[in-house]
Amino acid sequence: MTNISELWSKSRMRLYDGQHSLNRCTLISSPEPNTRVCVLAMASSAKEDKRGFPGKCVAVIGAGVRYVSDQIVEFRQFLRYVRKVMCSMNWRSCCVFEAEGRAGGKLRSISHDGLIWDEGANTMTESEAAVRFLLDNLGLRDKQQFPLSQQKRYIAKNGVPVLLPSNPIALIRSNFLSAGSKLQIFLEPFLWKNSDSLKGPDTEESVGAFFQRHFGKEVVDYLIDPFVAGTSGGDPESLSMRHVFPELWSLEKRFGSIISGAIQSKLSAKKGTTGESSAKKKQNHGSFSFLGGMQSLTNALCNELGKDELKLQSKVLELSCSCSENSPFDNWSVSYELDNKKLSCEKSFDALIVTAPLSDVKQMRITRRGSPFLLDFVPEVSYLPMSVIITTFKKESVKRPLEGFGVLIPSKEQKNGLKTLGTLFSSMMFPDRAPNDVYLYTTFVGGSRNPELAKASRDELKQIVTSDLRQLLGAEGQPAFLK
């Protein structure tokens, strides 16, 4: 398991230490296993300018958009750091370098023959104030699209989809979990001391071990496992609880019991909630997308940039830091490849934010005052392969259609013949994504569970997806469309 905080602190130490220091250079790695992203923020050492100097320039390497879920909060530390640096400096402009011919990275929406689907993230949430600010300022409120029946979510159990209870009380009343598991959940506030970890405060604990201590193995197998696989492609035993679910990890440290801590935190939050913030919370209707798909977000962002501020098909080759101690300006220069030619950006930059994949960053040549600056302290990171399969079936061919968001597959359900990670009911969520006579499905294959299947042939993937949809939804015959 990668210790994100340790990686962050070590990299800052390595980047600041005398002989090898770079001005304000921070390196962290995303905790999402299937989208490991290197984030390198290098800003001028200049403090807030009070001498009337002109505004400053920032270069952004990589024009992808990461999906940051509510649970993966470690990345917020980086966002706060960047915001702090930017607010302390009078930014004049920015320039975004992207190696591909389009911005958005894995965020891509496709429109074909009346179908609309997303190849990357399908939805996002508005739980952060920064997201609300972004939507308001980009004029995207009118394009927001909320899924129909999004509270209806299914998990496969014993080979069939079972409606997931929408709240803890409904979970206790349902037959989804055994009586023993429900009793352990009910008693968790009283028995937490007996399950308290014997490990040291800095010892890593997996997501699976943490939840098993509090709620038992069945909860891990049929709630945590499919959720982790569906959101990150990972598995509970290989992810760090402290970094994937830092809020829950903190609740245990503060209150011991997760349930008691959640209740007390919610009550405290209500006491401090103003009318205005309460109204804003009511506007948050859960997950959402946009008319035309998630790429509407990156399209709006691109429209905010001028022609000279977004450089597509521009693969960054070299980052050079002059690191002049006498001037806070003109610290960074960027060299990139365009049409098989190496070019140097005419302007220099006071800060860099690098969001490219870690493997791409390692290929860049980074120099400080002409001398190579090695990123040899950066660890090797495994990128989990994932295939996204889009299918449509005529409505009369699906004998047991389900309304709702989608179905997740626990790893234990492989014994019942289910090999996919899960399927989104795309046209059930957003009826305008497909013609009225077909169902559109988005299915995920691979991740840490079956990485070899993500690289399977089209015919094999078709067989796997068709088999799972037949078992789960009664989809008969072959899909009318497959991508």
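When residues in segment 242-253 are screened for being at pLDDT 90 or above and either of a type in the set (A, V, I, L, M) or not assigned by TED's automatic domain parsing to the domain that holds residue 192 (or both), 2 of them pass. Using the structure shown, decide if residue 156 is outside any strand (DSSP E or B) and in contact (Cβ under 8 Å) with a residue 12 or more places away in the chain. For residue 156, the condition - outside any strand (DSSP E or B) and in contact (Cβ under 8 Å) with a residue 12 or more places away in the chain - is not met. Scanning segment 439-471 for residues that are touching a residue at least 60 places away in the same chain (Cβ under 8 Å), surrounded by fewer than 21 Cβ atoms within 10 Å (Cβ to Cβ) and either touching a Gly at 6+ places or on another chain (Cβ under 8 Å) or within 18 Å of residue 122 (Cβ to Cβ) (or both) yields 453, 454, 455, 471.
Cβ separations smaller than 6 Å between residues 6+ apart or across chains give the following pairs from segment 108-128 residues that are farther than 18 Å from residue 300 by Cβ and touching a residue at least 60 places away in the same chain (Cβ under 8 Å) to residues that are exposed (fewer than 14 other Cβ atoms within 10 Å of the Cβ) and of a type in the set (Val, Ile, Thr): 117/110. Residues in segment 210-253 that are among the polar types (S, T, N, Q), under 22 Å from residue 165 (Cα atoms) and in contact with a strand residue (DSSP E or B) (Cβ under 8 Å, 6 or more places away or on another chain): none. Scanning segment 377-398 for residues that are surrounded by 23 or more Cβ atoms within 10 Å (Cβ to Cβ) and in a loop (DSSP other than H, G, I, E, B) turns up nothing. Among the helices (runs of 4 or more DSSP H) lying completely within segment 254-331, list those that include at least 2 residues that are modelled with pLDDT of 70 or more, surrounded by 16 or more Cβ atoms within 10 Å (Cβ to Cβ) and more than 23 Å from the chain's Cα centre (by Cα). Output list reads 258-271.
In segment 100-115, which residue that is surrounded by fewer than 20 Cβ atoms within 10 Å (Cβ to Cβ) and in contact with a Ser or Thr (Cβ under 8 Å, 6 or more places away or on another chain) is modelled with the highest pLDDT? Outline the logic, then answer.
Keep residues of segment 100-115 that are surrounded by fewer than 20 Cβ atoms within 10 Å (Cβ to Cβ), which gives 100-102, 106, 108, 110-115.
This time we only want the ones that are in contact with a Ser or Thr (Cβ under 8 Å, 6 or more places away or on another chain), so: 106, 115.
Values: 106: 86, 115: 98.
My answer is 115.
The values are calculated or read from the model by the stated rules, or taken from the named source; none is laboratory data. No experiment lies behind these values; they were computed from the predicted model shown. Cβ atoms come from the backbone with ideal geometry, glycine included; neighbour counts cover every protein chain shown.
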